[in-house]
1. With Rg and the Kirkwood Rh both taken from Cα atoms, where does Rg over Rh land for the chain?
2. For MET1, what is the net charge nearby, where nearby means another residue's Cβ is under 12 Å from its Cβ and Lys, Arg count +1, Asp, Glu -1?
3. With θ set to phi - 60°, apply the Karplus curve 6.51 cos²θ - 1.76 cosθ + 1.60 along segment 129-143 and write out the HN-Hα couplings as whole Hz, x wherever there is a Gly or Pro.
4. What is the sum of charges, Lys and Arg at +1 and Asp and Glu at -1, for the other residues whose Cβ falls under 12 Å from the Cβ of VAL132?
5. Rounded to the nearest 10 degrees, what's the angle between the helix 21-31 long axis and the longest principal axis of the chain, both from Cα atoms, 0 to 90?
6. For segment 39-97, report the % of Cα-Cα distances exceeding 13 Å.
7. Nearest 0.05, what FRET efficiency do GLN10 and SER79 give at R0 = 22 Å with Cβ-Cβ as r?
8. Output ³J(HN,Hα) for segment 43-48: one whole-Hz value per residue in order, computed from phi by the Karplus curve 6.51 cos²θ - 1.76 cosθ + 1.60 with θ = phi - 60°, and x for Gly and Pro.
Amino acid sequence: MKFADFHKDQVLRTRSYLITEEEIIQFAKAYDPQWFHTNIAAANEGPYQGLIASGWMTCGIAMRLVANEILEGSESNGSPGLAYLRWPAPVRPGDELFVQTTVIDHRFSNSKPHIGILKWRWQVFTQLNIEVLDLEATSFFDTSMKTIPSNE
């Protein structure tokens, strides 16, 4: 989507993504090697009563879904960061995740009028509509770009 296609209060939803046990363990071993993400037997006896995905993995999946389904073909040009990030419930093997975004603000920069600023909320839900991620992001769009590079 182009920056011009976004508008305040707009809600967008991505397709679902299925999480596997193998993927949870593989990600955790590489980036978040805590026992409740990597050790099935220990995780089954732990406070979550089973293996759970790293919250950082959930963020990565959300980014992938948004980049492929919402930002593809846009003038997206990075982000200065997040206002907040929460993981209200754990992600488990077999969960199917989807992202719902809500546009909070859509405007042009006062100092750089070709830069669009999008403030939006991203929520990730499971197939049971359990919220597992909630964040507010600010994204920049350079509307002066003549050619939009592919995500590939």
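Just so you know, all these numbers are worked out from the coordinates, no wet-lab data involved. Since the structure is predicted, the reported quantities are computational estimates derived from the model, not experimental observations. In this analysis, Cβ positions are derived from the backbone assuming ideal geometry, glycine residues included, and neighbour counts consider all displayed protein chains.
1. A ratio of 1.04.
2. Cβ neighbours under 12 Å give a net charge of -3.
3. Per-residue couplings from phi come out as 6, 8, 6, 10, 8, 9, 8, 10, 10, 10, 10, 9, 10, 9, 6 Hz.
4. Local net charge: -2.
5. So the inclination is approximately 70 degrees.
6. 72
7. Working: r = 18 Å, r/R0 = 0.82.
Efficiency, rounded to the nearest 0.05: 0.75.
8. Result, ordered by residue: 4, 5, 9, x, x, 8 Hz.
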